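S.K.: Input: one structure, supplied below.
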Amino acid sequence: MTVAIRPIRLSDAAGHNACVDVVARERRYLGMIQAPAVADSTKFIEIILNNDWPLFVADAENTIVGWCDIGGMAKPGTTHCGVLGMGLLPAWRGQGLGRKLAEAALAKATAIGLERVQLDVYADNAPAIALYEKLGFVREGIRRR
C-alpha cells in the first residue's frame, strides 16, 4: 500500500481526529486519553494552516495513519520556538513513517524560521526517544510523575 507524507488539509480533520483518538486511547504515548471533539480538531487544524505551521500526515490511500505537527509558541520571547507532537496507528509503526513525518515537519519549521523545536516523550517510549535522538534532539531534563 502506498503511503504519502503530505501537508494536512482541512478536509482531513475527521481522519486526523480518528487517528489521534486511537493513539490517545492507548494511554501510552500522548498526554490525552482520547481525541478532542472533531470540531475542536478542525479548529486546531485551522490555526495550524492560518499560521503556516507544520502539520504533516501519513496518508495510506485516503486513510490518515499518522501525523506530526509543530505548533508555534505565541508568548513574547518564545515565538522562535515550536512544540512537536506526533503519532502513528499501531499497524504502521516501525516502518520509517515516523521519521519521514518528523523530517518533513522539521524541514518546514526551519523554512518558516523556527529556531527551536521541543517535545515531551514518556521515559519508557524507547523507540520514540531513539528516533528523536537520531533527528538531533537532546535530553534537557526529566519530569517525574
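The values are calculated or read from the model by the stated rules, or taken from the named source; none is laboratory data. From a predicted model like this one, the values you see are computed outputs, not experimental measurements. Neighbour counts are summed over all protein chains in view; Cβ atoms, including those assigned to glycine, are modelled from backbone coordinates with ideal geometry. The protein model used for the area step is the full one, side chains on, heavy atoms only, and it has no ligands, DNA or RNA in it. Shrake-Rupley method; radii C 1.70, N 1.55, O 1.52, S 1.80 Å.
S.K.: State which residue is most open to solvent (accessible area, probe 1.4 Å) when the search covers only the range 1-15 and only residues that are within 13 Å of Ile45 (Cβ to Cβ) and of a type outside the set (A, V, I, L, M, F, W, C).
M.R.: First, the residues of the range 1-15 that are within 13 Å of Ile45 (Cβ to Cβ): 7-15.
Next, only the ones that are of a type outside the set (A, V, I, L, M, F, W, C) stay: 7, 9, 11-12, 15.
Numbers: Pro7: 77, Arg9: 117, Ser11: 100, Asp12: 17, Gly15: 30 Å².
Taking the candidates together, the pick is Arg9.
S.K.: Let me ask something additional. Looking only at the range 16-39, count every residue that is in a helix (DSSP H, G or I) and open to solvent by 80 Å² or more (accessible area, probe 1.4 Å) and tell me the total.
M.R.: If we filter the range 16-39 for residues that are in a helix (DSSP H, G or I), which is where we start, we get 16-25, 38-39.
Next, only the ones that are open to solvent by 80 Å² or more (accessible area, probe 1.4 Å) stay: 25.
Residues in the range 16-39 being in a helix (DSSP H, G or I) and open to solvent by 80 Å² or more (accessible area, probe 1.4 Å): 1 in total.
S.K.: If you don't mind, another one. Got at least one residue in the range 76-87 being within 21 Å of Gly136 (Cβ to Cβ) and hydroxyl-bearing (Ser, Thr, Tyr)? Walk me through it before giving the result.
M.R.: Narrowing the range 76-87 to residues within 21 Å of Gly136 (Cβ to Cβ): 78, 80-87.
Now drop any that are not hydroxyl-bearing (Ser, Thr, Tyr), which leaves 78.
The answer is yes, given that some residue of the range 76-87 is within 21 Å of Gly136 (Cβ to Cβ) and hydroxyl-bearing (Ser, Thr, Tyr).
S.K.: Of the residues in the range 90-116, how many are open to solvent by less than 30 Å² (accessible area, probe 1.4 Å) and modelled with pLDDT of 95 or more? Spell out the reasoning first.
M.R.: Quick first cut of the range 90-116, residues open to solvent by less than 30 Å² (accessible area, probe 1.4 Å) only: 97-98, 101-102, 104-105, 109, 114.
Retained after the next criterion (residues that are modelled with pLDDT of 95 or more): 97-98, 101-102, 104-105, 109.
The qualifying residues number 7.
S.K.: Same structure again: For the range 65-84, check the following and say yes or no: at least one residue is outside any strand (DSSP E or B), modelled with pLDDT of 95 or more and either more than 15 Å from the chain's Cα centre (by Cα) or surrounded by 14 or more Cβ atoms within 10 Å (Cβ to Cβ) (or both). So that I can check it myself, show each step before the final result.
M.R.: Let us first name the residues in the range 65-84 that are outside any strand (DSSP E or B), namely 73-80.
In the following step, the residues that additionally are modelled with pLDDT of 95 or more were identified as none.
Within the range 65-84, not a single residue is outside any strand (DSSP E or B), modelled with pLDDT of 95 or more and either more than 15 Å from the chain's Cα centre (by Cα) or surrounded by 14 or more Cβ atoms within 10 Å (Cβ to Cβ) (or both).
S.K.: Would you please list the contacts, defined by Cβ atoms under 8 Å and residues six or more apart or on different chains, that run from a residue in the range 67-82 that is of a type in the set (D, E, K, R) to a residue that is assigned to a strand (DSSP E or B)?
M.R.: These pairs meet every condition: Asp69/Leu55; Asp69/Phe56; Asp69/Leu84; Asp69/Gly85; Asp69/Met86.
S.K.: Can you report the number of residues in the range 125-141 which are in a loop (DSSP other than H, G, I, E, B) and either in contact (Cβ under 8 Å) with a residue 24 or more places away in the chain or surrounded by 10 or more Cβ atoms within 10 Å (Cβ to Cβ) (or both)? Can you show your working first?
M.R.: Narrowing the range 125-141 to residues in a loop (DSSP other than H, G, I, E, B): 125, 135-141.
This time we only want the ones that are either in contact (Cβ under 8 Å) with a residue 24 or more places away in the chain or surrounded by 10 or more Cβ atoms within 10 Å (Cβ to Cβ) (or both), so: 125, 135, 137, 139.
Selection size over the range 125-141: 4.
S.K.: Looking at the range 1-30, I want the residues that are farther than 15 Å from Leu88 by Cα and have a partner that is surrounded by fewer than 19 Cβ atoms within 10 Å (Cβ to Cβ) and among the polar types (S, T, N, Q) with Cβ atoms under 6 Å, at least 6 apart or on another chain. Which pairs are those?
M.R.: Note: pairs meeting the criteria are Ala13/Thr42.
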